[in-house]
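Presented below is the structure to which this report refers.
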Amino acid sequence: MKNKKFWQWKNQIVNESDEAVRVLELNGTIAEDSWFDDDITPKMFRDELFAGTGDVVIWINSPGGDCIAASQIYTMLMDYTGNVTVKIDGIAASAASVIAMAGTKVLMAPTALMMIHNPATFAFGDHEDMRRAIEMLDEVKESIINAYEIKTGLSRAKLSHLMENETWMNANKAVELGFADGILEDAKRMSAADAYAFSGKTVEAAIINKARAKAKPAAQAKTTGRSVDELMERLNLLKY
């Protein structure tokens with residue numbers, strides 16, 4: 001194998017529907033050498049991806065790397081029939097951000113980052129060689145914008161501007177711009193909050209029901225006590 005593996009398949013996990021989900025980790029540089037003219041590494045990645053079925057969770061922590069490798073991985077993931085959930089726990093920069101765009105759903109840790117920028121290359125020669133290099137980079141940029149546009153729905157002009165400015169995005173900004181769909185949440189914290197909210201509503205309902213029960217006889221007897229509407233108004237004020 002020409003390139004060192006930067007991916008690793010982990011043990012399957014079980015989702016909320018008790019279905020097996022395959023886990024793929026992409027760590028470090030996306031291919032230390034170019035995948036161009038490499039007949040071994042891309043085929044190995046594809047064979048491992050399509051060796052199983054079902055949904056896949058991909059954890060990404062990468063500063064980027066080879067755009068050819070990123071393009072092929074992006075295409076393979078788009079071609080995969082199962083759902084692909086991308087989870088960015090560290091950084092998805094440059095070429096890694098392109099791979100992330102293949103996710104059916106893209107989630108970022110609250111502390112994670114995503115970065116997009118213009119493609120770069122090394123070139124030498126005369127002015128014609130430089131011109132061809134610039135033309136090549138322009139086309140590479142347009143191909144990357146294709147992936148960003150499909151995911152975000154932003155205009156090509158807007159995406160081009162973001163790339164020119166080397167845009168860094170925290171999780172909230174990535175969600176706002178459409179590069180991510182949500183932020184990874186702590187299930188423990190969410191469960192506690194949901195339970196508290198449920199308890200609060202239960203208590204509130206109990207108080208209102210008691211107030212109705214006590215106020216109704218008073219209203220029927222036409223005493224000078226507060227009416228049901230008055231009590232409800234006071235309770236509503238207390239809730240805020």
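The values are calculated or read from the model by the stated rules, or taken from the named source; none is laboratory data. What you see is a predicted model; the values in this text were computed from it and never measured. Heads up, the Cβs are rebuilt from the backbone with ideal geometry, glycines too, and the neighbour counts pull from every protein chain shown.
How do the pairs read when you match residues in the range 48-70 that are farther than 14 Å from Pro119 by Cα with residues anywhere that are among the aromatic types (Phe, Trp, Tyr), using Cβ under 8 Å and keeping only pairs 6 or more apart or on different chains?
Every condition considered, the pairs that remain are Glu48/Trp7; Glu48/Trp9; Leu49/Tyr80; Phe50/Tyr80; Val56/Tyr80; Ser62/Phe6.
Just give me the residues in the range 104-141 being within 30 Å of Asp89 (Cα to Cα) and β-branched (Val, Ile, Thr), in sequence order. Show your work before the answer.
Going through the range 104-141, the residues within 30 Å of Asp89 (Cα to Cα) turn out to be 104-121, 137, 140-141.
Correct list: Thr104, Val106, Thr111, Ile116, Thr121, Val140.
State yes or no: is Met44 farther than 27 Å from Lys173 by Cβ, surrounded by fewer than 18 Cβ atoms within 10 Å (Cβ to Cβ), of a type in the set (A, V, I, L, M, F, W, C) and in the same structural domain as Ile144 (by TED's automatic domain parsing)? Give the derivation first.
On the way: farther than 27 Å from Lys173 by Cβ: yes; surrounded by fewer than 18 Cβ atoms within 10 Å (Cβ to Cβ): yes; of a type in the set (A, V, I, L, M, F, W, C): yes; in the same structural domain as Ile144 (by TED's automatic domain parsing): yes.
For Met44, the condition - farther than 27 Å from Lys173 by Cβ, surrounded by fewer than 18 Cβ atoms within 10 Å (Cβ to Cβ), of a type in the set (A, V, I, L, M, F, W, C) and in the same structural domain as Ile144 (by TED's automatic domain parsing) - is met.
For the range 8-55, give me each residue that is part of a strand (DSSP E or B), touching an Asp or Glu at 6+ places or on another chain (Cβ under 8 Å) and of a type in the set (S, T, N, Q).
Applying the first criterion (part of a strand (DSSP E or B)) to the range 8-55 yields 8-14, 20-27, 30.
Imposing the further condition that a residue be touching an Asp or Glu at 6+ places or on another chain (Cβ under 8 Å) reduces the set to 8-10, 21-22, 30.
Gln8, the sole residue that qualifies.
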